[in-house]
1. Please arrange A:197, B:182 by counting, for each residue, the other beta carbons lying within 10 Å of its beta carbon, fewest first.
2. How large are Rg and Dmax for the protein assembly as shown when calculated on the C-alpha trace, in angstrom?
3. Considering every residue in B:326-338, what mean count of other chain Cβ atoms within 10 Å of its Cβ is obtained?
4. State the extension gain, in nm to one decimal, for the chain segment bounded by residue A:282 and residue A:32, taking 0.36 nm per residue of separation less the distance between their alpha-carbons.
5. Measuring from label point to label point, each 7 Å out along Cα→Cβ, what is the residue A:410 to residue A:230 span in nm?
6. In Å, the Kirkwood hydrodynamic radius of region B:236-344 over pairs of distinct alpha carbons?
7. Could you work out, for region B:63-222, what percent of all Cα-Cα pairs fall into each 5 Å distance bin, beginning at 0 Å and stopping at the bin that holds the largest distance?
8. Mark the label point 7 Å from the Cα of residue B:272 along Cα→Cβ and return the residues of region B:206-244 whose backbone N is within less than 20 Å of it.
Number of protein chains: 2
Amino acid sequence: MPNPKSAPSDIAALIEAIFHPRSIAVVGASANPNTPGYDYVSSLQKFGFSGDLYPVNPRAEEILGLPAFPSLRDVPGQVDYVISCIPAAAVLELVDDCAAKGARALQLFTARFSETGREEDAELERRLSQRAREAGVRIIGPNCLGLLYPRQGISFRADMPRQPGNVGFLSQSGNLLFELTYLAGPRGLRFSKAISYGNGLDLNEADFLDYFAQDAESALVGAYVEGVRDGRRFLAALKRAAARKPVVVLKGGRTAAGGRAAASHTAALAGRHAVWTAAVTQAGAISVDTVEELIDMLIAFAYMRPGSGRRLGMVGGGGGRSVLTADLCEELGLSVPTLPDDIVRRIAEKAPDLAGWVTNPVDQSILAGSGVSGAQVLEWMDESPDIDLLLANVGEAWALGRPNAESLLARIPERFAQVSRRTRKPMAVVIGPSDYADERLWRLVSEAREKLVKAEVALFPSVERAVRALARFVEYWERSEVSRP
Amino acid sequence: MPNPKSAPSDIAALIEAIFHPRSIAVVGASANPNTPGYDYVSSLQKFGFSGDLYPVNPRAEEILGLPAFPSLRDVPGQVDYVISCIPAAAVLELVDDCAAKGARALQLFTARFSETGREEDAELERRLSQRAREAGVRIIGPNCLGLLYPRQGISFRADMPRQPGNVGFLSQSGNLLFELTYLAGPRGLRFSKAISYGNGLDLNEADFLDYFAQDAESALVGAYVEGVRDGRRFLAALKRAAARKPVVVLKGGRTAAGGRAAASHTAALAGRHAVWTAAVTQAGAISVDTVEELIDMLIAFAYMRPGSGRRLGMVGGGGGRSVLTADLCEELGLSVPTLPDDIVRRIAEKAPDLAGWVTNPVDQSILAGSGVSGAQVLEWMDESPDIDLLLANVGEAWALGRPNAESLLARIPERFAQVSRRTRKPMAVVIGPSDYADERLWRLVSEAREKLVKAEVALFPSVERAVRALARFVEYWERSEVSRP
């Protein structure tokens, strides 16, 4: 077994191999659809895993159309990767079986180790660690969901996104990966690879950071961490990763109550938060405090062009919204300059009536019927040397009440997408949730969003969140040494 | 015309009368569906306004099935309320027509007064003010959408919510009322009455506050204000209103850039923000900075039971979410105590395995398959004297991946709704946006939300926003002198 002080490149090579198994065994596989032993087999099938797949269960002959084997040792061929869904009491023996089959890694969905807070469970975890080290089997988990790698057809649940993206993610919580999928999937969050690693007994946050740092399929990295095994090693790995690409880190267990919850969740020992945030920032990464912030920063880095100027131009939305946006921008350190002279002139040419009245942010209700559209002003802002950042609000609350709602909600996103495709400035587009009880409304807004997602636009569900993300994004590129792609 | 220093009760009586017109004339009515002159007539018809409705347009004989009149003076009967969609240049004459017809109030959708920043437009506004005062006609606006009063069948746009609620709202921006409708309608935000008052030339924020303070149909009041005509009078009215019911105030134009935008929106002169916030809080109202916060506090006050204890109990969601929620609660001044002893005992009776492991917030993934549900623990928390606040997360990101997603998403909201109906503690329920591209997912989550809305549950789209709202809600009831209903 590799030494825990292996070079980052050795660890990265090891994890790369783990992500490319030729064969997978699911120990504790089940034909009962309401069990994890079913989920793993079924997900690998549905995601199209092309290697050999072996369900292991002493009480089944066949599971999901595949022959089942009584034990791992009974599997005829080579097994590179083993997933365990059996009770904790049986895992020590499973480690030996893994060694006998030459498996590279064992991922334990199996839980009830140190996180229960009981001494006998903590003792079992220590023995598991020792046995695995002796046997040369690397452990992912215990108490985790394991690997997601859409390109290789690997998933732990059938409802994770199958389309691959550019976000590498490591998470101490598996549930958080479902949450990210449901909350941010509609906005286009897609993973290159993700790892749920639970208690992180062997391979842990530092190892996965080293892996994602060099992974060409991951343009950025997100992390949810409750506690770290070795603070110094983690920060060194974080610094290495952050020197190569944006890394966004959400820390759980920042307070006494959160720390108590973390102990019962993944047995993590939480540290002092202020120190943590300073250290993460010092390492060149982005520290966030909520799932909403995490999602927004992942979307920003996945889809926006890098840029560090602070002068924002905005179109879309009525007067109240324009005023509030200008306020929030200034409060967060962005500037909202008056409209550049050449844009004022171009508006005056097309709509003499509006000369000197339209300002930035552009109030959509002033433009209405003038012959100058918000999208047109956005294009001019894109060309202007006096504007650094673009914010475009679809403004469906206004559009849906118009008799031509259908055509507005087709045309506006299309124009915004065109600007987003060609601009070299950071650009955010706002479209609200399509969570209407009315099917027509849902469909109109949902289809508009889908179009924007396909065009790889950076989407935010509210102006507030877009502005906050833009402010942090710009701040990052001001201080970052990561070369801009 | 009443003296501007009229007693609050006189103003309230006047506005009450304005909200109950026996007849309405729309001057500048139109048969073109893409005009405000069409929107007003059509909305009043669709909302079922039962009084007389008179379209006025010299170039039409009939509009939307109603006979049209060449001028206001040609209308045969009494006209209580006049809506103007004609150009600014014609409004002085219209004021005289209103006086001749004995109209109580004139609402001007008509814009392009002081907000354009041009001296001739500001001068016209001054003349309008003087002419109306001389003629004894009260003005709502100009540059506004006017009244919404679903119970009386009054609206300015057909897509505003028709079901009446308990939120009275005054807004300097009309567009903000659409935004609130689309963003918060799916969560159950319903207006008793709302007023968009634009430039507030005559009747203004102080008058409407005095009205809503005594309006029995409004249990709480929301306000979006860009600038106030008379700071001292506004604060006095705010204090009177806040002494009777919760008042949530969002201020636009807090910064230099926001102030510039406000000037071109409603010609408002913005003040210093820190002073404003202190004064609003001092008056007993709740000051918010974003539309998201505004919506969340309106939902909280519309649906949650009052209460000031800070000990929160939470169920639903996986381990990561539990940890992060505990963190956020403590950071915002709520406490997340360990599970009360009697609940620990009751869990141990039903699921001996989990004894001493489950903590607060309750990690849904630990309970899975144990025979103890999150809803069961929530009921125990409701009964416990050691818990003051309830937070229940539907956790659809977990449920949607289960084979019994349909039944989970029927049962969980139903149980939560039962607790919400009977609890005497402030209780928030979290269900995420149903903004999925997939129709089945949209329908499942959307129907679950609809059930919760019908049960009058306080709904939040994310745990983060629920916790923030709970913290501010509790803070309010700690210092408020409003008697708890």
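1. Details: A:197 29, B:182 23.
Lowest count first: B:182, A:197.
2. Here Rg and the maximum Cα pair distance are 30.3, 100 Å.
3. Details: counts 11, 15, 7, 3, 6, 6, 0, 0, 1, 2, 6, 2, 2.
Other-chain Cβ atoms within 10 Å of each residue's Cβ, averaged: 5.
4. That works out to 85.1 nm of additional length.
5. With each label point 7 Å from Cα toward Cβ, the separation is 6.0 nm.
6. Working: mean 1/r = 0.0587 Å⁻¹.
When all Cα pairs of region B:236-344 are included, the Kirkwood radius is 17.0 Å.
7. In whole percents, the pair-distance histogram is 2, 9, 17, 20, 19, 15, 12, 6, 1, 0.
8. Residues B:226-236 qualify, since their backbone N sits under 20 Å from the label point.
Values in this text are rule-based calculations from the coordinates and carry no lab data. Just so it is clear, the model here is predicted, and its values are computed rather than measured. Ideal geometry is used to build each Cβ from the backbone, glycine not excepted, and the neighbour counts take in all protein chains shown.
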